[in-house]
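Note sheet for the following structure.
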Amino acid sequence: MKTRLGILISGGGSNMRSIANACEQSNFPAQISLVLSNNPDAKGLQFARELGLQTSIVDHRNFSAREDFEQEIQRHLIKAKVEMVCLAGFMRILSPFLVGEWQGKMLNIHPSLLPKFRGLDTHRRALDAKEKTHGCSVHFVTTGLDQGPVIAQSAVPVLADDTTQALQARVLNAEHLLYSRIIKQLCRQL
Ligand code: GAR
């Protein structure tokens, strides 16, 4: 039986698309059961629909309390019989409620070599710090922002003439390879 994934996105959804591509392989141990976005205008939602994936929108602006927003997300995840949650560019901080519901079964991909550069604007900060290497990390989600246990990382070189855009593109390529590889590994163990 394939593990049922719920992918949470807020934007372009390129990680979601690369996971969807991986799921096309017959020997991949997971399938996408739901793509959920807090942002109704997320480009990734359109791609998900084109791929024939089930989508949900839970717009955080419609909720005055964070827990009500997360209860609604949880309702959608349960309805879609999701077994593992993958945050893929989901730009809302989660409270102990949702994190607690998915302990050990919620992953995030972050565009830095954690513990370096938690939070936003990681590529600009890596350039400012004159890092020689940068990259991405897949980690379990805990209540501390980008602080959960790191499962795996992928490093890329920082080039002398790098712009944030060039570095971001190089890291994003590495993200696409890393996330599917780790999902494959973890789902085989479930
Ligand atoms: C990715 O670089 C991801 O690592 C990052 O947002 C981008 C989403 O791209 N996530 C975070 O910064 C989370 N703190 P995508 O929508 O094309 O997958």
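The values are calculated or read from the model by the stated rules, or taken from the named source; none is laboratory data. What you see is a predicted model; the values in this text were computed from it and never measured. All Cβ positions, even for glycine, are placed from backbone atoms using ideal geometry, and neighbour counts span all protein chains on display. Remember, those area values only see protein heavy atoms, side chains included, never the ligands or the DNA or RNA. Shrake-Rupley method; radii C 1.70, N 1.55, O 1.52, S 1.80 Å.
With respect to the conditions (1) under 21 Å from Leu5 (Cβ atoms); (2) part of a loop (DSSP other than H, G, I, E, B); (3) over 15 Å from the mean Cα position of the chain (by Cα), Pro115 falls short on a single one, namely (1). Scanning region 30-54 for residues that are of a type in the set (Lys, Arg) and either open to solvent by less than 10 Å² (accessible area, probe 1.4 Å) or near the ligand (Cβ under 10 Å from one of its atoms) (or both) turns up just one, Lys43.
Take the residues in region 1-29 that are in contact (Cβ under 8 Å) with a residue 24 or more places away in the chain, farther than 19 Å from Val141 by Cα and among the hydrophobic types (A, V, I, L, M, F, W, C), then tell me which one is farthest from the ligand (Cβ to nearest atom). My answer is Phe28. Residues in region 78-121 that are more than 9 Å from the ligand (Cβ to nearest atom), buried (at least 22 other Cβ atoms within 10 Å of the Cβ) and in contact (Cβ under 8 Å) with a residue 60 or more places away in the chain: Val82, Val85, Cys86, Leu107.
When region 118-143 is filtered for residues that are within 22 Å of Met16 (Cβ to Cβ) and in a helix (DSSP H, G or I), the ones remaining, listed by number, are Thr122, His123. Contact map, region 158-169: residues that are in contact (Cβ under 8 Å) with a residue 24 or more places away in the chain paired with residues that are open to solvent by 70 Å² or more (accessible area, probe 1.4 Å) and within 16 Å of the ligand (Cβ to nearest atom), Cβ distance under 8 Å, separation 6+ or inter-chain. Pairs shown: Thr164/Arg124. Looking at region 135-148, can you tell me whether even one residue there is open to solvent by 60 Å² or more (accessible area, probe 1.4 Å) and within 14 Å of the ligand (Cβ to nearest atom)? Within region 135-148 (the criterion being open to solvent by 60 Å² or more (accessible area, probe 1.4 Å) and within 14 Å of the ligand (Cβ to nearest atom)), the answer is yes, since at least one residue qualifies.
Taking Leu190, is it more than 14 Å from the chain's Cα centre (by Cα), open to solvent by 10 Å² or more (accessible area, probe 1.4 Å) and either of a type in the set (A, V, I, L, M, F, W, C) or at pLDDT 95 or above (or both)?
Here the answer is yes, as Leu190 does meet what is asked.
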